[in-house]
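Coordinate-derived values only; no laboratory data. This is a predicted model, so every value here is computed, not measured. Glycine gets a Cβ as well: all are built from the backbone with ideal geometry, and neighbour counts include every protein chain shown.
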Amino acid sequence: MFLVYVLKSYKNNKRYVGYTKLTIEERLKQHNSGLNRFTKGNRPFKVLLTEEFSDKSEARKRELFLKSGVGRQYLDKILSVAQLQPEAEPPLAEVTCLPAGRER
């Protein structure tokens, strides 16, 4: 099984379209780890869309379509309709504030 997926950057709202034989969780972890040149500078990402395909050639065709002008318009349309509820932003590092002069 192959997946075509669409990611969205929390950093700058850019979209990334790709395909993989991995699970979406594994692939998202790779992107958020900076293993891909494009996604390294735009991380962290969240998954917007996944589609399953039984063979690699069909997944690749779909990926190329979604990267085309018509495909980007299609994504704009379906993703604007699919915004049922906003997702939470990625968690920030926990910060503990102590009164001045006190150590942890």
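Per-residue 3J(HN,Hα) values for the range 24-37, derived from phi via the Karplus relation 6.51 cos²θ - 1.76 cosθ + 1.60 with θ = phi - 60°, read 5, 5, 5, 5, 4, 4, 4, 4, 6, 8, x, 7, 10, 4 Hz in sequence order (x marks Gly and Pro).
Pairs of Lys residues in the range 2-81 that lie 8 or more places apart, or on two chains, and have C-alpha atoms under 20 angstrom apart add up to 27. Provide the FRET efficiency to the nearest 0.05 for the residue 78-residue 13 pair, computing r from the beta carbons and using R0 = 22 Å. Computed FRET efficiency for residue 78 and residue 13: 0.85. Quick check for you: which residues of the range 7-22 have the amide N under 14 Å from the point 7 Å beyond the Cα of residue 33 toward its beta carbon? It comes to 22, nothing else.
With a ≥ b ≥ c taken as the square roots of the eigenvalues of the C-alpha gyration tensor of the range 2-81, please select rounded if a/c is under 1.5 and otherwise prolate if a/b is larger than b/c or oblate if it is not?
Working: a/c = 1.81, a/b = 1.13, b/c = 1.60.
Verdict is oblate for the range 2-81.
Among 33, 22, 47, flag the residue with its Cα farthest along the positive direction of the charge dipole of the range 2-81, charges on Cβ as +1 for Lys/Arg and -1 for Asp/Glu. Positive-end residue among those listed: 33. The relative contact order of the range 2-81 comes to 35 percent, based on Cα pairs under 8 Å that sit 6 or more residues apart. Model label points for residue 55 and residue 25, set 7 angstrom from Cα along the Cα-to-Cβ axis, are 3.0 nm apart. Only Lys, Arg, Asp and Glu carry charge here, each on its Cβ (+1 for the first two, -1 for the last two); on that basis the range 2-81 has a dipole of about 440 debye about its Cα centre.
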